[in-house]
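Below is one structure, written out as C-alpha cells; the observations come after it.
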Amino acid sequence: MDFGELLYSVGERVEEMISRTVKAVKTFFFPKPSQHPPKSFLSRFVKKKLTPHEFFSLHVQVCFLIYLVANLCIELFFRDLLSVVLVLGTFVVYLAYMRYYFGRYDSYLITPEPYRFFYLGISCLAFVAFLGYSLMRVFVSSPYYYYAYVLLVAIGVFLFRWYFKHRYGRDYTYGVVEDVKKDLAKVFVHDDISANVKPGYYWVPSVPDVKPGCVVKLLVEERTLRSSTPVRILEVYINQSSHIETAPKEDTE
C-alpha cells in the first residue's frame, strides 16, 4: 500500500467514525422507537427468562438505584458548592439517559405512561431532596432546619405516592393462565406499577372456562408497606373479541 492509499484508508475510517458519532449523538438526544426489544447488561446476571416489559422495568429500577447511590456518595465525600454542582450534573446526565431509554423502548411496556410519570416524578423528588440538602450544608448550621427539611421531603414523597395512586392506581391487573389444577389456576403476571404487583406466578382460585393460555383480569389485594398480590379472577378473556365475567360488576370497579 503506497502513501496515497494509506491516507485514503485513514480518511475513510475517520469519516465512518464521525458519521457513527453524529448518528449516536442524534439518536441519544432525539430518540426514536426501536424496532428491537431492550437488551440489558443485567441479562448476564438474571438466570430466568424475562420478557421485554420486565427487562425494561428492571433496567430503570437499577438506573434509579445507581442514581441514588451516586448522590449519596457525593454528599458523603464532597462539600460546599462542589457538591451542589455535582448533584446538578448527575441529575442532568441521569435525566438525559432516562429520556433516551424511554424514548427508545417504552413501546415495549404494556402501559408506558404510569412508568414514565412515576420515574420522572420520583427522580425529581430525589434531585430536589439532595440539592436542598447540599445547599443547606452551605448556608445553614442549625440541626433543627435539617429535621424540618427531612420532614418536608417525607411529606413530599407521601403526597406524590397519594397522587400517583389517585391518578394511575387500580385494584386489578392482568395475567396469563399457565396451568390449572383442580380448584386452582397458576397465572403469570407482569410487573404492574399501577396495581403495585411484582412479576411472577400466582396461584388463585380457578373459575369455569379458564384454561392454559387464557388472559385473565385479576383482583389484587393491597398490603401495607408491601406489594399487592392477586387474589381471584374477575374476568376470563377467551380471545381478543370476547370475555367472560366471573364477578359482580361492583367488585371490579
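The values are calculated or read from the model by the stated rules, or taken from the named source; none is laboratory data. Computed from a predicted structure; not experimentally measured. Here the Cβ positions follow ideal geometry from the backbone for every residue, glycine too, while neighbour counts run over all protein chains shown.
The residue that is surrounded by the fewest Cβ atoms within 10 Å (Cβ to Cβ), counting only those in the stretch 103-124 that are under 10 Å from the mean Cα position of the chain (by Cα) and under 18 Å from TYR67 (Cβ atoms), is LEU120. If the condition is being of a type outside the set (S, T, N, Q), more than 23 Å from LEU58 (Cβ to Cβ) and assigned to a loop (DSSP other than H, G, I, E, B), then the stretch 198-224 contributes VAL207, PRO208, ASP209, VAL210, LYS211, PRO212, GLY213, CYS214.
Restricting attention to the stretch 182-197, the residues that are surrounded by fewer than 16 Cβ atoms within 10 Å (Cβ to Cβ) and modelled with pLDDT of 90 or more total 2.
Exactly one residue out of LYS23, LYS49, LYS32 is under 19 Å from the mean Cα position of the chain (by Cα) and at pLDDT below 75, and it is LYS49.
SER134 fulfils the conditions (1) crowded, with 16+ Cβ neighbours inside 10 Å; (2) within 29 Å of GLY103 (Cβ to Cβ) except for a single criterion, (2).
The condition of being small (Gly, Ala, Ser) and outside the structural domain of GLU54 (by TED's automatic domain parsing) holds for only one of ALA195, ALA148, ALA129, ALA154, that being ALA195.
Cβ separations smaller than 7 Å between residues 6+ apart or across chains give no pair from the stretch 120-140 residues that are farther than 21 Å from CYS63 by Cβ to residues that are crowded, with 19+ Cβ neighbours inside 10 Å and charged (D, E, K, R). Got at least one residue in the stretch 106-118 being farther than 30 Å from VAL215 by Cβ and not acidic (Asp, Glu)? No, every residue in the stretch 106-118 fails to be farther than 30 Å from VAL215 by Cβ and not acidic (Asp, Glu).
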